[in-house]
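S.K.: Before we start, here is the structure in question, set down as structure tokens.
The values are calculated or read from the model by the stated rules, or taken from the named source; none is laboratory data. Since the model is a prediction, treat every value here as computed from it, not as a measurement. All Cβ positions, even for glycine, are placed from backbone atoms using ideal geometry, and neighbour counts span all protein chains on display. Remember, those area values only see protein heavy atoms, side chains included, never the ligands or the DNA or RNA. Shrake-Rupley method; radii C 1.70, N 1.55, O 1.52, S 1.80 Å.
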Amino acid sequence: MHTSLLPSPLSETSSDGEPRVVWTFPPCERIEEYRPGGFHPVHIGDVFHDGQYKVLRKLGEGSFSTVWLARDQSNSRYVALKIVAAESQATTELEILRHLAQVEPVEKTQCITQLLDQFEHVGPNGTHACLVFEPMGPNLNIMIEELLNSRPRMFGLNVRYPPPMAKVILKQALQALAVLHENGIAQGDVQPGNMLFAPDNIDSSPEDTLRQKEDVETGSISIPAQKGDGKSYDGAPRYLCVAQPLKSFAHIPEGFQIKLSDMGGAFFFSDPPAKPIVPIGLRAPELILTGEVNKTIDIWSFGCLVFELIAGHQLFCVPWMGSDAETDDDHLLKITSHLGPLPEDLYRHWDRASQYFTLERKLYNCELGGVKEGREPLLLEEQSMEEFFDEAKPDLDEEEAGKVKALVRRILQYDPEKRPSAAELLRDPWFSGEEIEGGSSESTTM
């Protein structure tokens, strides 16, 4: 799944009986990420790059980095400081960002977060690549909760942006993809967590209003537990900061700008990775079945997001099933249910298809892993993408709903060669109308 993750507490002993770090709520990265080759320990007030950047607040964390709001004391501005895990180094990300800066004017790349500086920092866990970006606000997953007045997202409810606002978000993300693709670059991880709202007028804010409080009682930080043997954890911070995105600086719904962020999974079309980091539910069928990485990898993910932002739930909600095989089978069953049978050239790569389909390719069982001994096959009702969309009751009239469903169908084609480019999608009837400058003041639908 590609929603925000809420980590579970860790046990005090590992499977081999060795003491293990215990992590406590509130949610943030695991303390185990602070190890040789892992994250760099950061505290509020730390300075980097010979004192130029002073850390004020944690903005977020990912699988390979932590991101902090810092004061650029040399240039009197705020920046986002991304500190990459020592073993990751961000070589490709830097190469891509530098390439974009060389070949495209700044005005054309405003839809992508801008790299301002980069340096290396040596710490107890190794040498870390540090990338300095313009500061950004919350991602789509976080901001929707703000629009819901901080009410938590609950399973089974359709939580969505008003359609006019969703349309602007999608169009701005698509414009960013068009710029990348025109330069032979795939973003590689197109998802709501990497679509950020740009903050407005943050540089006029006093430093003390942005500085994160080092306070356990308010939930601003969490004290990491020690190892089970009671010893301290080498290379770990004294406390873990809970991410505090700049929500109050993103002016919604009066007007907003979305930028595509995080090129950590990006790659040149000419040099695709063996294993891209596309979130499970956004992976194209050829990637699941053959491992093929092609230039339409972002387009398939984007098509899924068109459905998600308008309908209010994921088109292919694929939780981890405990094994790659069963997770992939669950995904493929959902794809064929919503989009129709796979073409033969893909279907023949599905080694476990006989657990679900007859020789005539008729679905007879949906039980993951095949029919268990002594049990009857499980047969669930199949539902087309269009039926699934209508069931969500999005706030669209019939004509516009038809355009959105046609757009999703146009994108989610099994043949990668038939999928439209980002530039072609910008000319789609749903996107090619009059430009909308901001969001809508309608209430968010649940």
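S.K.: Sort out which residues of the range 356-369 are of a type in the set (Phe, Trp, Tyr) and buried (at least 16 other Cβ atoms within 10 Å of the Cβ), and write them in order of number. Don't jump to the end; show me each part of the working.
M.R.: Of the residues in the range 356-369, the ones of a type in the set (Phe, Trp, Tyr) are 356-357, 364.
Correct list: 356, 357.
S.K.: With 93, 120, 104 as the choices, which residue is among the acidic types (Asp, Glu), at pLDDT 95 or above and either closer than 23 Å to residue 181 by Cβ or open to solvent by 10 Å² or more (accessible area, probe 1.4 Å) (or both)? Before you say what the answer is, go through the steps one by one.
M.R.: Numbers: 93 fails: at pLDDT 95 or above; 104 fails: at pLDDT 95 or above.
The unique qualifying residue is 120.
Conditions tested, residue by residue: (1) at pLDDT below 95; (2) open to solvent by 70 Å² or more (accessible area, probe 1.4 Å); (3) among the acidic types (Asp, Glu).
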| position | (1), (2), (3) |
| --- | --- |
| 1 | yes, yes, no |
| 13 | yes, yes, no |
| 19 | yes, no, no |
| 33 | yes, no, yes |
| 48 | no, no, no |
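S.K.: Now for a separate question. Give the range 123-135 a look and list any residue that's surrounded by fewer than 17 Cβ atoms within 10 Å (Cβ to Cβ) and within 25 Å of the chain's Cα centre (by Cα), or say none. Explain how you work it out, then say what you get.
M.R.: In the first step, residues of the range 123-135 are kept if they are surrounded by fewer than 17 Cβ atoms within 10 Å (Cβ to Cβ); the result is 123-124, 127.
Of everything in the range 123-135, nothing turns out to be surrounded by fewer than 17 Cβ atoms within 10 Å (Cβ to Cβ) and within 25 Å of the chain's Cα centre (by Cα).
S.K.: State all residues of the range 51-73 that are in a loop (DSSP other than H, G, I, E, B) and over 12 Å from residue 28 (Cα atoms); if no residue qualifies, say none. Reasoning before the result, please.
M.R.: Step one: list which residues in the range 51-73 are in a loop (DSSP other than H, G, I, E, B), which gives 51-52, 62-64, 73.
If the condition is that a residue be in a loop (DSSP other than H, G, I, E, B) and over 12 Å from residue 28 (Cα atoms), then 51, 52, 64, 73 are the ones that fit.
S.K.: Exactly one condition in (1) of a type in the set (Val, Ile, Thr); (2) modelled with pLDDT of 90 or more; (3) open to solvent by less than 40 Å² (accessible area, probe 1.4 Å) is false for residue 109; which is it?
M.R.: (2)
S.K.: Search the range 341-350 for residues being in a loop (DSSP other than H, G, I, E, B) and either in contact (Cβ under 8 Å) with a residue 24 or more places away in the chain or closer than 16 Å to residue 291 by Cα (or both), and hand back the single one that is most open to solvent (accessible area, probe 1.4 Å). I'd like the intermediate steps shown before the answer.
M.R.: Quick first cut of the range 341-350, residues in a loop (DSSP other than H, G, I, E, B) only: 341-343, 348-350.
Now narrow it down to the ones that are either in contact (Cβ under 8 Å) with a residue 24 or more places away in the chain or closer than 16 Å to residue 291 by Cα (or both): 342-343, 348-350.
Numbers: 342: 7, 343: 45, 348: 152, 349: 71, 350: 11 Å².
Result: 348.
S.K.: Look at residue 353 and say whether it is small (Gly, Ala, Ser), crowded, with 16+ Cβ neighbours inside 10 Å, modelled with pLDDT of 95 or more and farther than 30 Å from residue 177 by Cα.
M.R.: Numbers: small (Gly, Ala, Ser): yes; crowded, with 16+ Cβ neighbours inside 10 Å: yes; modelled with pLDDT of 95 or more: yes; farther than 30 Å from residue 177 by Cα: yes.
So residue 353 fits the description; yes.
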